Amino acid sequence: MSKGEKTPVTPAVRFLRREKVTFTHHLYTYVEKGGTAIPAAALGVAEHAVVKTLIMADDAKAPFIVLMHGDRMVSTKALARAMGVKRVGPCDPAVAQRHSGYRVGGTSPFGTKRQMPVFMERSVLDLPTIYINGGHRGYLVGVSPEVVAQVTQATLVDVAN
């Protein structure tokens, strides 16, 4: 982050501060549909350490959050089995925004408008630091994955594809 660049104060940042979580700020130039490769390159970190926040829904259309490595996909079949439901899939972007309070591309698992269950890929815990959306397009926070699991009350799953 260059001198004079202001970091956003989002609901996610307020949540992390309220929970007394230690985190670092990382701004980058957001690219529409750029995925996690863009911030990984901008930050000089492995894409595996950039964790995406996905809003998905179960067969009853109930939304939930999945935290997955940037370079991996979610096996929806494995996730549905782990959750004990018939099927899961991506949530409609308008519904995701309504539940999270964040725009697609800026979705954070912290400080969401409505509380949703969080499922975290278990292998994310193997990393010393993860870079996850801070609630604004072009803004990630660096944080301990154990702390993320704790403050989001995440259920650990093995659903990486």
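Bear in mind that the values in this text are calculations on the coordinates, not laboratory data. Computed from a predicted structure; not experimentally measured. Backbone-built Cβ (ideal geometry, glycine too); neighbour counts: all protein chains shown.
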Taking the range 29-64 and the residues there that are in contact with a strand residue (DSSP E or B) (Cβ under 7 Å, 6 or more places away or on another chain) and hydroxyl-bearing (Ser, Thr, Tyr), the one that is surrounded by the most Cβ atoms within 10 Å (Cβ to Cβ) would be THR53
Looking at the range 93-106 only, could you name the residues that are touching a residue at least 12 places away in the same chain (Cβ under 8 Å), crowded, with 16+ Cβ neighbours inside 10 Å, not small (Gly, Ala, Ser) and not in a loop (DSSP other than H, G, I, E, B)? HIS99
Just one of the numbered conditions (1) of a type outside the set (D, E, K, R); (2) free of Cβ contacts under 8 Å to residues at least 24 places away in the same chain; (3) surrounded by fewer than 17 Cβ atoms within 10 Å (Cβ to Cβ) is not true of PRO90; which one? (2)
Report every pair of residues separated by at least 6 positions or lying on different chains whose Cβ atoms are under 9 Å apart, first residue within the range 57-74 and at negative phi and of a type in the set (Lys, Arg), second assigned to a loop (DSSP other than H, G, I, E, B) and surrounded by fewer than 20 Cβ atoms within 10 Å (Cβ to Cβ). ARG72/ASN161
Of the residues in the range 1-52, those that are touching a helix residue (DSSP H, G or I) at 6+ places or on another chain (Cβ under 9 Å), among the hydroxyl-bearing types (Ser, Thr, Tyr) and over 13 Å from ASP71 (Cα atoms) come to THR7, THR22, TYR28, THR29, TYR30
Check the range 70-92 and report whether any residue there is under 22 Å from PRO145 (Cα atoms), of a type in the set (Lys, Arg) and out of contact with any helix residue (DSSP H, G or I) (no Cβ under 9 Å at 6 or more places or on another chain). no
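Does PRO109 meet the test of being over 16 Å from the mean Cα position of the chain (by Cα), in a loop (DSSP other than H, G, I, E, B) and at negative phi?
The answer is no for PRO109.
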Out of THR112, THR129, sole residue that is in contact (Cβ under 8 Å) with a residue 60 or more places away in the chain, over 21 Å from ASN161 (Cα atoms), touching a strand residue (DSSP E or B) at 6+ places or on another chain (Cβ under 9 Å) and surrounded by fewer than 16 Cβ atoms within 10 Å (Cβ to Cβ): THR129
Residue, farthest from ALA49 (Cα to Cα), within the range 140-151, restricted to residues that are surrounded by fewer than 22 Cβ atoms within 10 Å (Cβ to Cβ) and in contact (Cβ under 8 Å) with a residue 60 or more places away in the chain: VAL151
Just to verify a result, which residue in the range 140-161, among those that are in contact with a Phe, Trp or Tyr (Cβ under 8 Å, 6 or more places away or on another chain) and not hydrophobic (A, V, I, L, M, F, W, C), is farthest from GLU19 (Cα to Cα)? THR155
